[in-house]
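Here's the structure we're looking at; comments come further down.
What follows is calculated from the coordinates using simple rules that are stated; it is not laboratory data. All figures in this text were calculated on a predicted structure; none of them were measured in a lab. Methodologically, a virtual Cβ is constructed for each residue, glycine included, from the backbone with ideal geometry; neighbour enumeration extends over all protein chains shown.
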Amino acid sequence: MAKVLIVDDEKEICEEFRDILQDDGHQAEYATSGEEAIRKVHEADYDLIFLDVLMPRMEGRQVFDEIRKIKQIPVAIMSGYMPPNKEKEVMSLGAIACLRKPLDLARIKSLLRSVENK
C-alpha cells in the first residue's frame, strides 16, 4: 500500500483523512503547516502528498515549490474553492490532480492505485 502525507492546516480534516486511508491499508501521516510538511519530506519518502492550497504563513503553492526542490513526489492539490483558472495554474506546476473539498473517496482511491502501480 501507499505511504501518504496529508498537508492541511485543519487538524480535524487531517486526522479524519488519515484514519480513512489507514482503514484502507495505507500508511498515512499528516502535517498541519507548510513548514512541517517540508520537514517531513526531508525525513521520509512518500508515494503521494495531498496538499491544501489555502494555509496560513505558507500557502500550498509555496509548499509545492519547496517539495519539488527536495523530491519528485506526486502531489494532489486540495481546496474548498478552486476557480478554473487556478486549477489550470496548479496543474501546470505538475500536480497530478486538483481535488475539491469535500473529497471524493473514489477519486482518492484511484489516485492511490495509480501511484502504487508505478
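Amide H contacts for residue 97 (H built 1.01 Å from N in the peptide plane; partners 5 or more residues away or on another chain; cut-off under 5 Å): 77.
Between the listed residues 92, 78, 67, the Cα displaced farthest toward the positive end of the dipole of the chain, a dipole computed from Cβ unit charges relative to the Cα centre, is found at 92. Using Cβ point charges alone (K and R +1, D and E -1), the dipole size of the chain about the Cα centre works out to roughly 520 debye.
Distance check, please: which entries in 11/40; 69/118; 11/118; 3/88; 69/109 exceed 25 angstrom between their Cα atoms?
Details: 11/40 16 Å; 69/118 21 Å; 11/118 30 Å; 3/88 27 Å; 69/109 27 Å.
In this structure, 11/118; 3/88; 69/109 exceed 25 Å between Cα atoms.
Remark: the residue 42-residue 100 segment gains 18.2 nm on full extension, using 0.36 nm per residue and subtracting the alpha carbon distance.
Explain nothing, just the number: relative contact order of segment 3-116, from Cα pairs under 8 Å at least 6 residues apart, as a whole percent.
Values: 172 pairs, mean separation 25.2, N = 114.
Reported as a whole number, the value is 22 percent.
Only helical runs count toward this figure. For the chain, summing -39,500 (n - 2.57) over DSSP H runs of n ≥ 4 and dividing by all residues gives -14500 deg cm²/dmol at 222 nm. Report, please, the projected area of the chain averaged over directions, based on the convex hull of its C-alpha atoms, in nm². Mean projected area for the chain: 6.5 nm², to one decimal.
The 3J(HN,Hα) values that the Karplus relation (6.51, -1.76, 1.60; θ = phi - 60°) gives for segment 81-89 are, in residue order, 9, 9, x, x, 5, 5, 4, 4, 4 Hz. Gly and Pro appear as x. Evaluated at q = 0.17, 0.28, 0.30 Å⁻¹, a Debye calculation over the C-alpha positions of segment 72-118 (equal weights, vacuum) places log10 I(q)/I(0) at -0.50, -1.10, -1.16.
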